[in-house]
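Read through the structure below, which is laid out as C-alpha cells, and then see the notes.
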Amino acid sequence: MKRLVARLSLRTRLVAALVGVLLAALVFGGIYSLDAARKVGGQALQQMAEREAQVLALTLTEALILGDYTTARELMQHSVQRGGILWVRLKENGQTIAVEAPAANPGRPAWFAALVGLGPAAARQSVTVGGRHYGTVELAVMPHVVEDRLWLLLGRIAGIALLAGLLLAVLMYWIMRVNLQGLARLAKAGKAMEEGRPPSGIRLPPAAPPELTAAAHALDAAHARIRAQIEQILTEKERWQVTLEAIADAVIVTDADGCVRFMNPAAERLTDWDAAQARDRPIEVVAPLIDEAQRQPVPHPVLLVLHGDAPEKTMSQALLRTAGGAEVAVADSVAPIHAGDDGLCGVVLVLHDETERRALLAELRRLAFHDPLTGLPNRRALEGRIERALRQLGDEPGRRHAFCYIDLDQFKLVNDTCGHAAGDELLVTIGQLMLARLPSPGVGGESPVLGRLGGDEFGLLLFDTDSETALRHATAIIDAIRGHTYRHGQRAFNLGASIGLVLLSAGEDASHILARADAACYLAKRRGRNRVERWQPEHVAIQAQSEEMEWVGRMERYFAEGRFELWRQRIVPVNGSGEAYYEVLLRPRNEQGEVTPPLSLLTAAERYGLAPTLDRWVLRRLLAHLRDHPEDTARYAVNLSGQTISDPLFVEVVRSVLDACAVPAGRMLFELTETAVVHDIEAAQRFIAAMRKLGCGFCLDDFGSGLSSFAYLKGLDASTLKIDGAFVRKLDTEPLDYVIVNAIAQIGRDMGLITVAEFVENAAILEKLREIGVDYAQGYHLHQPEPLVAPKPTD
Amino acid sequence: MPFLFALAALLLAPSSHAWQAGGPYPFGVLNHRSPTLTAEYWNPILAWVSARSGVPLTLKIARTANETTDMAARGELAFVYTNHLFTPQRDRLGYSVIARQEGEGIRGQIVVPAASAVTRLEDLAGQAVAFANRYGFTGYFVPYDALLRAGVEVKPVFAGTQEAAMGLLRHGKVAAAGVNHQVMADYARREGFAYRVLWQSQPYDDLAVMAHPAVPPQTRAAVREALLGMKTDPEGSKVLDEVAARLKLPAPRGFAAAGDRDYDAYRSFFRATRVPLESQ
C-alpha cells in the first residue's frame, strides 16, 4: 500500500482524496439525511393526516348538522380527489360512509418509496358541535405527498451536488494547475541544482500561492547562497592551495586509509616524490620515517593517528628517507581531519626540514661547551667535567685527579700593544701548544682535559695523577709557554704562566675546585709568576683570596640587608684656591654592626665581575641623596671600576639617573683607579668623552702605581690626576717620594690637569704638597671620612 | 290551495315522521345564523331540556330559514323555534305556542353602515337592500313593508339568513339591510360592525317555541316546563350563560311563558301588509 501511495503523483493524491471525501460525504450525508427525512417525513405525514382530518371534519360539520349526507359524501369525495388522501371514512351511529382514492402512479421509481420506507399516516377527528356528537371522520394520507417532496428535494440536492462537484472540479483543476505547475517548476529547479546547473530563476504562475512563492524565493536564495559559498570555498581553496604551495614545510594529506591524496611542492621536494605518482600510495611508502638513533623505521605518526593509537595532534622528530634514498632530518606533526559527524576522514602530515636547525643546534651545543676562539672546552664544559671527576672519586675512592688553573703572564701586554686580534691569535697558539704537551691518558684511560676558562686563563684536568706528577706536568706546560716566542711584526714576546694546582677531593664541587686553583694561581702570580703553586689552606694570600671569594656570596646578602653605606671624605684645595669636594666611599657594615674597610670587597668585585653592580648602586644612592638634600651643593667624586666604564650601557645609566634626580652633571667627578683593568680601552674612551660632554669631571686615581699609568694618561681624557697614596704617605720623610710626586705634579701641570694627593696624614706632608704645587689634598689630617648623611645638629 | 296543504299535512303527519313513532323529537330552529352557530347555541340547550324534561329532543335545521319553515310546514318538526308560522296559511298548520324567547321583543330595522351617506329611506330608492329570506318577519316583511309604505323602490337581495344579509351590508354589497334588531345588535357586537338605523318598527314578541299538534300534551308540557325553568335552574342558567358567551350575546336569554294570543300582532301585520304574501 505504501509503495502504491508512494508512486502516486500529487495530482492523483489530491483527486483521490477529494473524490473519496466527496463520496464519503455523500454516503454518510445521504444515510443521515434519509434517516432524518424518514423521521421528519413521518411526522409531517402524521401532522398532515391530522390536519386533513380536522379540515374535513370542519368541512363536514354543517352538512352533518343539516343531516345532509349526500353533501357530506360529495365533500369527502372532493377531499380525496384533491389528492394526497388515500381514503376517508365517516362513522355515525354505526353507519359508515367510505371514499377511497384510486390507485395512482407516483411517477418516480418504486425503489425510492422502498428506500424512504414511509407508510400511510392515518388520523381521526370527531365532529361535535355544542356538545352533540355528529360523527367521526377517519382518513389516511398517502406517503406519496412526502415522498414526492423528498423526491423533489433529492433531485434538487443531486442537482446542487452535481453543480457543486463541477464547480469544485473546476476549482481543483485550477488550483492544481496553478500549484502543481509551480511545484513542477520548483522540482525542475531543484533537479537543476542537484545536477549542478543554475536553476535560472523560478517563474511561477501569476496566481501561485504564497507558500510556493516563498519556497521559490527560498530556493533562489539557497542557490544564491550555495553559489556564494561555493565561490567562497573555491576562493578559500585557491588561497589555501597557494598557501600550501608557498609554504616551506612539506604538507601531505592522506585519506582515512593512509594513502596520499595531496602533496604540496615542498613535500615533493622533500620526499623526492612527484605528487601525481605519490597519489594513492601509502604514506609509509611516500614518506617513510626512521629513528635517528636506532636507524630503524618508526611507527608512522599518520597511521598512529588513523588507528587511534596517538593523540590527535602529535609532533616528533625523525629522519625522512626520500625516494632517492637520502635521509633528511625532519620534525613531523600530524593532525586528523574530521568530516562532521562522519568521523576521521584523513590526516594532515606536516614535515619540517630540520637539517639546518639540527646542524645549528649541534653547533650551538658545541659552542655552549667550547671556546669559540681556541676550540677548547669552555669554562662550563670544564666545570662539568670536574663535576663528573668528583663524582668518580666518590664512586672510586682510590683514584686521584688534579686540576691546574693556568693564567698567562704578560698576555695583556700583547693584547694592549698588538691589538685583540694578535691576542686572540696568541691564545690559539698557546692552546695548541698546551694540547701538544698534555700527558697520555692515565690508568683509568681518560685523557686530560684542557679548557679555556676565559680571557688568558686556562684549566687543565688531569686524571689518575698525584700531586707531584701533576706538578711536573704543570711545570712542563709553563716551560713550553715560556719557550715559545710570539712574533708580531717586528716585535717578539715571550709569555709566561702562573699555575695554581689543586687535587680533587670527593664531596666538593667544581666551583670550590676552581676557586682554590684560582687562589693558588693568584699566589703564584704574587710570588713572581712563571711558577706553580699548590693550593694550601694555610697560605695568607690564599686566605685573602678566600675572603674575596666569600664576598662573592656575601654581597647579595649585604645588599638585601642594607649593610652597604656611603661615606665621604673631603678633598680640599692645598693653596686655598678652589672649592673643596668629596670622594664617596663605600663602607660595608658587618654582622657586628662595625664599619669595615672595603678592600677585599672591591678586589673581589673587580675580580669576579661584580664591580658594575656596586658602581651602579653607589651612583644611584649618591644621586638620590643629593636629590633629597638640596642643601648639599658640594661636588662628589665617585670611583668606577674598569669594567664599569667599559660597559657601553653605563653612559645611559649615568644620564638617566642624573636627569631623574635633577643633579647637574658638573657636580660629578668619576675616578678610575689606574690599576683597574680596562678591558676595552676604546669603550672607556667613549665613556669618558660622553661624561666630559655632559659636564662631569674624570680623574685617574692611584696614578703611578700601575704599569700603564702613562698609557692611560695619554689615552684617556682625564681632567684630574690623583697621585697614588703610596708616594704621598711618607712624602715628608722619603726624598724619592718627593721627587716622584713632584714629577707627577709637573706632568699634571704640563697637561693642564688638576692634581690631587691622597693619604695626607700630617701637616708636614701638606706643606710638602704646597711646595710642590699639588692642587688638592685628601687624608685623615684634613678630614676623617664620615657618613654621607651627616647627623643633624640636634642629634 | 291552503286548505289542501293543511289537509295533506294532517293526513301525512301521523304516519310519515319517525318522531311520532317514538324517536327523538326534532326541534327546528329558524336560521338566524349559520347552521354551525345555531347548533353551538341550541345543542347545549336542547341537551339540558331533554335531560330535565325526559323528552329526547334533537336539533333539526335546514340549510335556509325558508327550508326550515318548509320542514315545519311538512310536519317534520315536533318543536320549532320560529316566528314564520303566523302567516295566514301557516297559521292553519296547527303549531301552537308553548313559550317564547325572553326579551323586550323584536323590531324590524332598516340599517346602513355608520359611515354611509344614506340618511333617509328615500335615499335607498333604486338601491340594493339585503334581506334574510322571503319568510323572514323582522328580516324581510316588516322592513320591506315600511319601504313599500314609504314608496321607496329598492332591489331586494336575499342572503339566506339574517347574518348573511348583515355580512353583505358590512362588505358594501348592498346599501342597506332589513334586519331583526336583536340579531343585528348581536352581530355588530360580535363582529365589531358600526351601523346606523334608518328606520325601525314597533316591537313584536320575540320568536316563539311552538309545538306540532301531534306532540302529546304531557310531552309538550314537560318541554314547556323545562324551558320556562331553565333560567332559574342553576345548571340551566349555566348552560344559557355558556351559549350566550359563545355567541357573544350581551346577556343570557331564557324562555318566558307565552301563548298563541301573544302573537296576534304578527297576525294583524300579515293581514295589513303591502308585501305580497304569495303562498305564505
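The values are calculated or read from the model by the stated rules, or taken from the named source; none is laboratory data. Owing to the predicted nature of the structure, the values given are computational and were not obtained by experimental measurement. Cβ: placed from backbone, ideal geometry, glycine included. Neighbour counts: every protein chain shown. Each accessible area value is taken on the protein alone, full model and side chains, heavy atoms only, with ligands, DNA and RNA left out. Shrake-Rupley method; radii C 1.70, N 1.55, O 1.52, S 1.80 Å.
Worth a mention:
- The set of residues in segment A:551-590 that are touching a residue at least 40 places away in the same chain (Cβ under 8 Å) and assigned to a helix (DSSP H, G or I) comprises A:W551, A:V552, A:M555, A:F559.
- Considering only residues in segment B:31-69 that are charged (D, E, K, R) and at pLDDT below 90, the one that is surrounded by the most Cβ atoms within 10 Å (Cβ to Cβ) turns out to be B:R33.
- Test: residue in segment A:443-451 that is open to solvent by 40 Å² or more (accessible area, probe 1.4 Å), within 17 Å of A:F493 (Cβ to Cβ) and over 50 Å from the mean Cα position of the chain (by Cα): no
- Among residues of segment A:739-761 being in contact (Cβ under 8 Å) with a residue 12 or more places away in the chain and among the charged types (D, E, K, R), the one that is farthest from A:G773 (Cα to Cα) is A:E761.
- Qualifying residue in segment B:32-45 (condition: out of contact with any strand residue (DSSP E or B) (no Cβ under 6 Å at 6 or more places or on another chain), within 14 Å of chain A (Cβ to nearest Cβ) and part of a loop (DSSP other than H, G, I, E, B)): yes
- Listed conditions (1) under 18 Å from B:Y195 (Cβ atoms); (2) modelled with pLDDT under 90; (3) of a type in the set (F, W, Y) are all met by B:Y135, apart from (1).
- Inter-residue pairs, beta-carbon under 8 Å, first closer than 26 Å to A:F403 by Cα and in segment A:465-492, second in a helix (DSSP H, G or I) and open to solvent by 60 Å² or more (accessible area, probe 1.4 Å), 6+ apart: A:A480/A:A436
- Selection from segment A:119-145 of residues that are over 29 Å from B:T38 (Cα atoms), touching a strand residue (DSSP E or B) at 6+ places or on another chain (Cβ under 8 Å) and either within 14 Å of chain B (Cβ to nearest Cβ) or not in a strand (DSSP E or B) (or both): A:P120, A:M142, A:P143
- Matching residues in segment A:42-73 - criterion: being among the acidic types (D, E) and buried (at least 19 other Cβ atoms within 10 Å of the Cβ): A:E52, A:E62
- When restricted to residues that are touching a Ser or Thr at 6+ places or on another chain (Cβ under 6 Å) and surrounded by fewer than 19 Cβ atoms within 10 Å (Cβ to Cβ), segment A:423-441 contains 2.
- Residue within segment A:227-250 that is under 30 Å from A:T355 (Cβ atoms), of a type in the set (S, T, Y) and surrounded by 16 or more Cβ atoms within 10 Å (Cβ to Cβ) present: no
- Residues being more than 18 Å from A:G130 (Cα to Cα) and within 18 Å of the chain's Cα centre (by Cα) - total across segment B:48-62: 0
- Note on segment B:193-215: residues that are outside any loop (DSSP other than H, G, I, E, B) and open to solvent by 40 Å² or more (accessible area, probe 1.4 Å) total 5.
- Residue count, segment B:178-220 (criterion: without any contact (Cβ under 8 Å) to a residue 40 or more places away in the chain and assigned by TED's automatic domain parsing to the domain that holds B:V80): 3
- Of the residues making up segment B:216-252, those that are open to solvent by 50 Å² or more (accessible area, probe 1.4 Å), of a type in the set (D, E) and either in contact with a Leu (Cβ under 6 Å, 6 or more places away or on another chain) or farther than 21 Å from A:V129 by Cβ (or both) number 1.
- If the condition is being small (G, A, S) and surrounded by 18 or more Cβ atoms within 10 Å (Cβ to Cβ), then segment A:371-403 contributes A:A381, A:A389, A:A402.
- Only one of A:M176, A:M142 that is in contact with a Lys or Arg (Cβ under 6 Å, 6 or more places away or on another chain) and either without any contact (Cβ under 8 Å) to a residue 24 or more places away in the chain or open to solvent by less than 30 Å² (accessible area, probe 1.4 Å) (or both): A:M176
- For segment B:134-144, residues that are open to solvent by 10 Å² or more (accessible area, probe 1.4 Å) and touching a strand residue (DSSP E or B) at 6+ places or on another chain (Cβ under 8 Å) total 3.
Quick grid of which residues meet (1) closer than 22 Å to B:V179 by Cα; (2) more than 14 Å from chain A (Cβ to nearest Cβ); (3) among the polar types (S, T, N, Q):
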residue: B:V49; (1), (2), (3): no, no, no
residue: B:T64; (1), (2), (3): yes, no, yes
residue: B:A73; (1), (2), (3): no, yes, no
residue: B:E76; (1), (2), (3): no, no, no
residue: B:F86; (1), (2), (3): yes, yes, no
residue: B:Q89; (1), (2), (3): no, yes, yes
residue: B:G108; (1), (2), (3): yes, yes, no
residue: B:V111; (1), (2), (3): yes, yes, no
residue: B:A114; (1), (2), (3): yes, yes, no
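- Among residues of segment A:46-84 being within 14 Å of chain B (Cβ to nearest Cβ) and in contact (Cβ under 8 Å) with a residue 60 or more places away in the chain, the one that is nearest to A:A122 (Cα to Cα) is A:A57.
- Boolean, B:T82 is within 14 Å of chain A (Cβ to nearest Cβ), under 30 Å from B:L198 (Cα atoms) and surrounded by 21 or more Cβ atoms within 10 Å (Cβ to Cβ): no
- A:R89 among the basic types (K, R), open to solvent by 20 Å² or more (accessible area, probe 1.4 Å) and closer than 30 Å to A:V27 by Cβ: no
- For segment B:22-31, the set of residues classified as within 12 Å of another protein chain (Cβ to nearest Cβ) and touching a strand residue (DSSP E or B) at 6+ places or on another chain (Cβ under 6 Å) consists of B:P24, B:P26, B:F27, B:G28, B:V29, listed by residue number.
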